[in-house]
Each structure stands twice: as structure tokens, then as C-alpha cells.
Amino acid sequence: MKLVKLSVALCAALAVSGCAAGSKQNKTVDRGFDSKHLSQLKAGIWIDPNGCDHWIIDDGIEGYLSQRLDKYGKPVCSGTAPPNTATGAFKRGSVVSDPI
């Protein structure tokens, strides 16, 4: 019984050790074989079902989405396109093609 408890405690400690604060990465860099700073990718706008805007980037392998906010932190709902529509050149900026 002691061996089982020791094994469970060891596995739990190993699982939690993967959450160490020292392993944070720079989230502004696209990682992968064509890695580059996200500012080099082209963004488009996706309109959510409520009519509010979100910045969208698709580099062929990964995708990035961030809500578009005004200077006060409130959502921007521009009405530039119907809900559930993506506009702009958000699939450009990468040599990786996206079949979808």
C-alpha cells in the first residue's frame, strides 16, 4: 500500500512540475518552421454572432484570435460585415497554405 501511495504522490509531483513559472514563452512570436513575430502576419476581422469585431490571423498551421477593443477596453462592434463573417487578408503572411 505504501508503494502505491508513493507512486501516486510521485506522479502528481511530476505532473505539477510541468506548470513551473520559469517556462513562460514570448506569446508575440509565431513558433514553428516559418516562425516570425506576429506583427509580420496579416490580420483580418471576424465578426462574432453578436456583431462584434475580433482580430484574426491564420498562418496555415496555427490561428490567432483576439477581441478588438476600443481605448477604454470595450468591444468594437463596427457592423462592417454580417455576423459570423471573416474579412480581410488574414490568410496572408505565411508560405504555408491552408486548404480550408
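Would you please give the residues with an amide H less than 5 Å from that of Lys36, counting only those at least 5 places away or on a separate chain, with H modeled from the backbone geometry?
Asp30
In nanometres, what is the gap between the two model label sites at Leu69 and Ser7, each 7 Å from Cα along Cα-to-Cβ?
Each label point is offset 7 Å from its Cα along the Cβ direction, giving 4.8 nm.
Read the figures in this text as sums done on the coordinates, not as results from a lab. For clarity, every value in this text was computed on a predicted model and none was experimentally measured. Positions of Cβ are generated from backbone atoms using ideal geometry, with glycine treated the same way; all protein chains shown enter the neighbour counts.
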